[in-house]
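Just so it is clear, none of the values below were taken in a lab; they were calculated from the coordinates. Since the structure is predicted, the reported quantities are computational estimates derived from the model, not experimental observations. Note that each Cβ is placed from the backbone with ideal geometry, even for glycine, and that neighbours are counted across all protein chains shown.
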Amino acid sequence: MTALIWLEGEIDLRCRAELEKVAAQIELAPSATAIVDLGDVTFLGGAGLDFVARLHRAVTPGGGTVVLLRPAQIVAFALAVGGLSDQIQVITNPGR
């Protein structure tokens, strides 16, 4: 299973409940590939970082993977500070 997850705007505590619903669906398919398009995200707070980490923990033991697409510089910085960019594939310019 491949899941394409598109996020936009500010990903913060207000989004937590919806992010948890999405993560719960991905957890049902532990060998999934989760592609998260971050191209339209303007802020990635703790809830967003937790979401990405939860996806990673859910799919990697079963052979799945998480791919993060097109993060803006500020989002890429948050991923790096959170230690996630070292664990998860980040593609800044797909198709190039």
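Quick one: which residues, 5 or more positions from VAL90 or on another chain, have an amide H under 5 Å from its amide H? H modelled 1.01 Å from N in the peptide plane, none for Pro or chain starts.
Distant-sequence amide H within range of VAL90: LEU68.
Given [x] 8.7; [y] 5.6; [z] 14.4 as candidate values of mean projected area of the Cα convex hull in nm², which corresponds to the one derived from the coordinates?
Calculated mean projected area of the Cα convex hull in nm²: the matching label is [y].
Can you pull the one-decimal nm distance between simple spin-label points at VAL81 and GLU20, each 7 Å off the Cα toward Cβ?
Placing both labels 7 Å beyond Cα along the Cβ direction yields 2.5 nm.
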